[in-house]
Amino acid sequence: MNSIRIYWVAFTTILIKEIRRFTRIWAQTLLPPAITMALYFVIFGNLIGSRIGEMGGFNYMQFIMPGLIMMSVITNSYSNVTSSFFSSKFQKSIEEMLVAPVPSWVILSGYILGGVTRGLLVGLIVTVLALFFTELTVHNLFITITVVFLTAVLFATGGFINALFARSFDDVTIIPTFVLTPLTYLGGVFYSIHLLPEFWQKASLFNPVLYMVNTFRYGILGVSDINPWAALAAICVFIVLLFGLALWLLEKGKGLRQ
Amino acid sequence: MKALSIQNLQKTYSNGFEALKGVSLDVAEGDFFALLGPNGAGKSTTLGIVCSLIRKTNGKVSIFGVDIDQDFAKAKQLIGVVPQEFNFGVFEKIEDIILTSAGYQGLTLKQARPRAEQLLHDLGLWDKRHAQARMLSGGMKRRLMIARALVHQPKLLILDEPTAGVDIELRRSMWSFMQDINRQGTTIILTTHYLEEAESLCRNIAIIDKGEIIKNTSMKALLGELTSETFVLDLITPLQENPVLTGFTTRLIDATTLEVEIKKEQSVSQVFALLLQQSIEVLSLRNKANRLEELFVSLVDKTAASDFKAEKTINKVSV
């Protein structure tokens with residue numbers, strides 16, 4: 001019982017530290033996605049979108065809104081953990097945690113929930129911005145909330161693994177730039193895969209981001225290119241796998257202990 | 001009760017470097033213990049293993065009877081660590097750094113805040129509590145790490161060069177602080193390059209060199225091994241040549257500075273008497289080097305010399 005209390009205090013300490021970090025540097029963490037997404041809404045949603053017409057039975061602005069929210073959640077939950085954990089490694093402040101009686105799973109959970117909090121907060125900011133351009137209807141609240149939360153958990157966990165392996169600040173930006181960004185842009189944020197030639201439709205099915213964006217879109221609009229329940233199950237499986245891998249690496253002391 | 005017990009501790013790094021070759025060491029509860037050694041001798045590796053920053057290859061470590069292989073979490077609660085390098089978030093506020101560290105130890109804000117306030121006062125950081133860590137001077141950063149290490153009231157405090165880069169006045173106030181917490185019952189293990197610091201603070205000492213303990217005894221016993229001391233005399237009477245003082249080895253550094261080696265069985269009074277006979281007046285007198293420093297250098301040099309000898313023998317055999 002005493003251990004559980006200690007772990008709970010340690011967990012909340014890590015979480016509060018993470019929230020304090022990204023709110024302290026809000027001009028780097030919260031403001032840029034708000035500006036970027038506002039520009040997307042103005043340019044793609046309003047200016048170009050009005051000429052595109054309907055997609056999936058909704059106007060273009062309504063169609064891209066779930067994708068843009070999900071895009072900001074993915075990017076921010078991932079990058080929060082990579083930059084925060086790598087900075088702790090770089091400044092050696094991670095040693096504070098390693099010399100304390102904090103188990104690896106508590107460290108991992110604290111960082112992940114820190115990333116999730118930033119991802120969801122940015123998602124909320126983008127949602128509020130979207131309300132200036134379009135109406136928000138929620139088709140299935142459970143799916144909407146579940147998928148956005150699980151996606152944030154998945155990418156925060158991925159970010160943690162990235163940070164464990166990273167040896168320089170360059171290593172922190174490689175995956176987001178060369179893997180995450182292309183997958184997100186090609187993950188059905190701006191279009192329905194039914195617009196693509198058959199080969200690219202099938203190729204798109206290998207993109208995990210497609211499932212998250214479409215499940216979230218299903219939760220909001222009720223339309224999706226894929227089965228949302230299967231997608232939710234797949235996200236859960238990936239979370240378990242990545243969490244297990246991150247925990248194993250942390251226990252092994254990858255990049256932390258000699 | 002042993003505060004720390006290390007048995008046959010071995011560490012070989014992934015590059016094949018054997019940093020520890022079977023170190024065994026006991027530190028009694030309440031002790032102020034010095035772990036000394038030249039750079040790369042294995043001090044930080046030993047302490048790194050004790051506080052879990054480095055994984056051991058072999059051996060056994062217990063902290064107040066708690067085996068780190070059995071219950072590392074419990075053992076960690078008993079230790080406070082002040083590392084050699086600054087290891088806090090430089091953009092974080094001083095108070096937050098201490099409270100966060102307390103949180104990692106399972107202390108709630110309600111429990112940690114009064115302790116943090118007391119430590120900030122004791123270490124002269126209270127006025128800076130809302131400043132970011134990067135704004136602090138080197139000495140303040142060192143004190144911050146001490147405050148952070150003490151917030152959970154550890155029974156064993158590990159100080160890895162706590163006064164490096166700190167001016168002499170501040171260093172002395174830190175010594176007094178460390179002596180106070182030792183008197184209150186905290187066992188302290190100190191590594192330092194200021195041997196004067198180890199000599200004046202520590203009751204017991206171990207010297208490690210090339211991954212092996214070459215000396216482990218009380219400070220008093222170690223200093224008792226000193227066979228001679230060299231004193232520097234500032235003279236009032238300028239000299240042209242090195243004076244002959246029967247029974248003493250002397251060296252004239254310049255016209256008014258004379259070095260005299262005084263053996264254990266000899267006295268300073270004898271030197272003064274011999275100088276007076278030659279009408280040489282002395283203005284002041286001081287040790288050439290700290291006593292522990294002289295011993296340390298001779299012990300470490302001895303192992304270096306024996307290694308050199310062994311190397312030469314191997315070379316001869318292989319030729």
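Throughout, read-outs are computed from the coordinates displayed, never taken from laboratory work. Since the structure is predicted, the reported quantities are computational estimates derived from the model, not experimental observations. Cβ coordinates were reconstructed from backbone atoms using ideal geometry, including for glycine residues, and neighbour counts include every protein chain displayed.
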Quiz item: Which value, in debye to the nearest 20, describes the size of the charge dipole of the protein assembly as shown about its Cα centre when Lys and Arg Cβ atoms bear +1, Asp and Glu Cβ atoms bear -1, and nothing else is charged?
Solution: 1140 debye
Quiz item: Taking the Cα centre of each part, how many Å lie between segment A:21-58 and segment A:210-226?
Solution: 18 Å
Practice problem: Return the aspartates and glutamates within reach of residue B:76: Cα separation strictly under 13 angstrom, same-chain partners fewer than 8 residues apart disregarded; answer none if there are no such residues. | Solution: A:95, A:96, B:67
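Relative to the present Cα-Cα distance, how much length would full extension add between residue B:236 and residue B:2 at 0.36 nm per residue of separation?
78.9 nm
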Quiz item: Which residue fluctuates the most in chain A, going by a Gaussian network model with Cα springs under 10 Å, if the choices are A:48, A:112, A:161?
Solution: A:48
Quiz item: What value does chain B have for Rg/Rh, both radii from Cα atoms and Rh as Kirkwood defines it?
Solution: 1.06
Quiz item: Karplus couplings for segment A:137-148 from phi (6.51 cos²θ - 1.76 cosθ + 1.60, θ = phi - 60°), rounded to Hz, Gly and Pro as x?
Solution: 10, 10, 6, 9, 4, 4, 5, 4, 5, 4, 5, 5
Quiz item: So which of B:43/B:215; B:21/B:43; A:252/B:60; A:252/B:93 end up more than 22 Å apart by C-alpha?
Solution: A:252/B:93
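Fewest first, what order do B:26, B:31 take by the number of other Cβ atoms within 10 Å?
Exposure proxy ranking, most exposed first: B:26, B:31.
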Self-check item: Electrostatic dipole magnitude of segment B:2-218 [Cβ: Lys, Arg +1; Asp, Glu -1; Cα centre; debye, to 20]
Solution: 420 debye
Quiz item: Across bins of 5 angstrom width beginning at 0, how are the C-alpha pair distances of segment B:228-287 distributed, in whole percent?
Solution: 4, 20, 36, 29, 9, 2
Quiz item: Of A:71, A:91, A:114, whose Cα points farthest to the positive end of the dipole of chain A (charges on the beta-carbon: +1 Lys, Arg; -1 Asp, Glu; origin at the Cα centre)?
Solution: A:91
Quiz item: Which translational diffusion coefficient, to the nearest whole µm²/s, is obtained for segment B:1-143 from the Stokes-Einstein equation, given a Kirkwood hydrodynamic radius over C-alpha pairs, 4 °C and 1.567 mPa s?
Solution: 76 µm²/s
Practice problem: Return the subset of B:128/B:155; A:92/A:254; B:56/B:210 for which the Cα-Cα distance in this structure is over 20 Å, preserving the input order. | Solution: B:128/B:155
Self-check item: Radius of gyration and Dmax over the Cα atoms of segment B:77-153, both given in Å
Solution: 11.1, 31
Quiz prompt | Distance between segment A:135-162 and segment B:171-190 - C-alpha centres, whole angstrom | solution = 51 Å
Quiz item: If you project the alpha carbons of the protein assembly as shown onto the principal axes, what extent comes out on each, in Å, largest first?
Solution: 114, 60, 51
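Write down Rg/Rh for segment A:105-216, rounded to two decimals, with Rg from the C-alpha atoms and Rh from the Kirkwood relation over Cα pairs.
Here the Rg-to-Rh quotient is 1.00.
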Quiz item: For the protein assembly as shown, with the dipole built from +1 on Lys and Arg beta-carbon atoms and -1 on Asp and Glu ones, taken about the Cα centre, which of A:124, B:272, B:75 lies farthest toward the positive end?
Solution: A:124
Quiz item: Of all DSSP beta bridges in segment B:2-218, what percent run antiparallel (nearest 5)?
Solution: 60 percent
Quiz item: Cα-based Rg of segment B:101-217 per 2.2 N^0.38 Å, rounded to two decimals?
Solution: 1.14
Quiz item: Quick one: putting +1 on the C-beta of Lys and Arg, -1 on the C-beta of Asp and Glu, what dipole do you get for segment B:7-133 around its Cα centre, in Debye to the nearest 20?
Solution: 240 debye
Quiz item: Given B:2/B:220; B:141/B:288; B:11/B:288, which pairs have Cα atoms separated by over 26 Å?
Solution: B:141/B:288; B:11/B:288
Practice problem: Name the residue, out of B:292, B:275, B:190, whose mean-square fluctuation peaks in a Gaussian network model built on chain B with Cα pairs under 10 Å. | Solution: B:275
Practice problem: Search the structure for amide H atoms under 5 Å from the amide H of residue B:235, placed 1.01 Å from N in the peptide plane, and list their residues when 5 or more places away or on another chain. | Solution: B:257, B:258, B:283
Exercise. Could you check the simple spin-label distance between residue A:142 and residue B:129, using points 7 Å along Cα→Cβ, in nm with one decimal?
Key: 5.0 nm
Quiz item: How big is segment A:2-252 on each of its three principal axes, counting only the C-alpha atoms and giving the largest first in Å?
Solution: 59, 36, 35
Self-check item: Given charges at Cβ of Lys, Arg, Asp, Glu: the protein assembly as shown dipole, positive-most of A:248, B:151, A:209
Solution: A:209
